[in-house]
Amino acid sequence: MASLLVFFLTGSKLTKWRSGQKRKLDSDFKEGGQRNWLQVICNAGIASELSLLYLIDVGCSEFPIDFQKRYSASWLSMAVLGALSCSCGDTFASEIGSVVGKTDPWLVTTFQRVPRGTNGGISVVGLLSSVVGGTVTGLAYFVVLLLCANSDTMLNSHPQWPIVVLGGFCGLVGSLIDSIVGATLQYSGINLKTGLIVEQPSDNVRYISGVPLLDNHGVNLLSSVVTAFLAPHVALYMWSYFIPMR
């Protein structure tokens with residue numbers, strides 16, 4: 001819940017940040033950073049469903065990550081963290097990377113320069129921002145775990161610091177997955193009259209990349225699903241490699 005709250009609070013603030021510049025890049029820009037129900041579902045739906053599975057299978061208690069003693073709880077917890085870190089990392093990358101820096105981004109599939117706002121465009125600032133976004137999500141999870149989990153259980157468990165590292169990793173990887181899907185399965189073109197990036201081809205639009213198969217919501221949902229599935233496997237490796245199992 002803390003990670004979800006951090007995602008929505010930071011995401012809303014960043015969407016409003018430098019909104020004047022963003023309005024000049026994207027034809028779908030929403031004033032004030034409003035999010036509709038579809039955006040909420042596609043960004044946080046997977047994490048919410050996994051959280052419900054956690055409640056059904058494990059209950060309301062918070063447990064430290066321990067794949068030996070509590071495999072199911074650990075797997076579901078890290079899947080939730082992966083989904084939220086992906087969404088938060090991608091939000092940080094797009095909202096900061098699109099308006100910071102003097103050079104245009106590279107298209108992730110070809111590494112050619114493309115206009116700002118192009119789906120699948122990446123930059124050093126954007127990638128670093130995605131790590132920060134994921135790390136913030138992981139840090140929120142880590143702090144709440146320290147505050148809410150049983151102290152005796154925590155003392156007898158493995159160190160939990162890899163949660164923060166995993167959050168940053170999932171923020172970066174999730175953002176890259178989002179960029180790859182966006183560059184290939186989401187159409188990007190530039191309107192020659194307005195100079196805005198659009199997601200549908202037309203007579204006055206110059207093609208940049210992708211095909212009009214998915215919209216931004218679909219891209220976010222797909223990247224969230226993939227990262228949620230990937231996160232527990234990476235977590236299991238981290239805890240077994242960096243913190244030897246008892």
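Ignoring ligands, DNA and RNA, what percent of the 1.4 Å accessible area of segment 101-172 is carbon and sulfur?
Details: 2400 of 3530 Å².
Here carbon and sulfur together make up 68 percent of the probe-accessible area.
With 20 Å as the cut-off, how large is the P(r) tail for segment 73-185, expressed as percent of Cα-Cα pairs?
On the way: 2790 of 6328 pairs.
Summing the P(r) tail past 20 Å for segment 73-185 gives 44 percent.
In nm, what is the difference between 0.36 nm times the number of residues separating SER151 and LYS69 and their Cα-Cα distance? Walk me through the numbers on the way to the answer.
Details: separation 82, 0.36 × 82 = 29.52 nm, distance 1.65 nm.
This chain segment gains 27.9 nm when fully extended.
For Cα pairs less than 8 Å apart in space and 6+ apart in sequence, what is the mean separation divided by the residue count of segment 113-185, i.e. the relative contact order in percent?
Working: 65 pairs, mean separation 37.6, N = 73.
About 51 percent, as a whole number.
If you count, for each residue, the other Cβ atoms within 10 Å and average over each peptide, how do 137-145, 187-195 line up from highest to lowest? List each step's numbers first, then the result.
Values: 137-145: 22.4, 187-195: 15.9.
Final packing ranking: 137-145, 187-195.
Do you know the relative contact order of segment 72-212, to the nearest whole percent, from alpha carbon pairs under 8 angstrom that are 6+ apart? Could the numbers behind the result be given before it?
Values: 255 pairs, mean separation 38.3, N = 141.
So the answer I get is 27 percent.
State the percentage of accessible surface on segment 178-246 attributable to carbon and sulfur atoms; use a 1.4 Å probe and exclude ligands, DNA and RNA. Show your work: numbers first, answer last.
On the way: 2360 of 3600 Å².
Accessible surface attributable to carbon and sulfur in segment 178-246 totals 66 percent.
Please pull out the direction-averaged projected area of segment 122-244, using the convex hull of its alpha-carbon atoms, in nm² to one decimal place. Could the numbers behind the result be given before it?
Working: hull surface 37.7 nm².
Mean shadow area of the hull around the Cα atoms is 9.4 nm².
In Å and on Cα atoms, what radius of gyration and Dmax does segment 89-131 show?
9.0, 23
The values are calculated or read from the model by the stated rules, or taken from the named source; none is laboratory data. What you see is a predicted model; the values in this text were computed from it and never measured. No Cβ is skipped: glycine too gets one built from the backbone with ideal geometry, and neighbour counts run over all protein chains shown. All accessible areas refer to the heavy atoms of the entire protein, side chains included, with ligands and DNA or RNA removed. Shrake-Rupley method; radii C 1.70, N 1.55, O 1.52, S 1.80 Å.
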